[in-house]
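We did not get these values from a lab; they are worked out from the coordinates using the rules stated. Because the structure is predicted, anything quoted here is derived from the model rather than measured. Glycine gets a Cβ as well: all are built from the backbone with ideal geometry, and neighbour counts include every protein chain shown.
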Amino acid sequence: MHDRPDKAKLLNRLSRVEGHVRGIAKMIEEDRYCIDILTQVRAARAALAKVESEMLKTHLSHCIEGAIVSGDAEQQRTKARELIELLERAR
């Protein structure tokens, strides 16, 4: 765990995702047009993907870089394994 300089930005993005999802639920309740709903689903997915991308950048530039700089081979293997496992789960 560490302080995240982009914490406020990430939380703001997640709040927007949350708003999108609430809006999508309301659109479904109101029997809105499918394409309109799907457009909002894509927007929510894109916003969530941006959060994922920012988190990955932070992980690479802080956690993985820190493991490399430390010279600790076990820590390097652990960080690499964690990232590989994460990417494999995303398939």
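Would you pull out the residues with amide H under 5 Å of Arg4's amide H, same chain only if 5 or more places away, H placed 1.01 Å from N?
Long-range HN contacts for Arg4: none found.
To the nearest 0.05, what FRET efficiency results for Leu38 and Ala90 with a Förster distance of 25 Å applied to their C-beta separation?
On the way: r = 22 Å, r/R0 = 0.88.
With R0 = 25 Å, the Cβ-Cβ based efficiency is 0.70.
Output ³J(HN,Hα) for the range 51-62: one whole-Hz value per residue in order, computed from phi by the Karplus curve 6.51 cos²θ - 1.76 cosθ + 1.60 with θ = phi - 60°, and x for Gly and Pro.
Ordered by residue, 3J(HN,Hα) equals 4, 4, 4, 5, 5, 5, 4, 4, 4, 5, 7, 10 Hz.
May I ask you to evaluate 6.51 cos²θ - 1.76 cosθ + 1.60, the Karplus curve with θ = phi - 60°, for each residue of the range 5-11 and list the ³J(HN,Hα) values in order in whole Hz, giving x for glycine and proline?
With the stated coefficients, the range 5-11 comes to x, 9, 4, 4, 5, 5, 5 Hz.
State to the nearest 20 debye the size of the charge dipole of the chain about its Cα centre, where the only charges are +1 on K and R beta carbons and -1 on D and E beta carbons.
That gives a dipole near 200 debye.
Straight-line reach from Lys7: which lysines have a Cα under 24 Å away, not including same-chain ones fewer than 8 places off?
Straight-distance partners of Lys7: Lys50, Lys57, Lys79.
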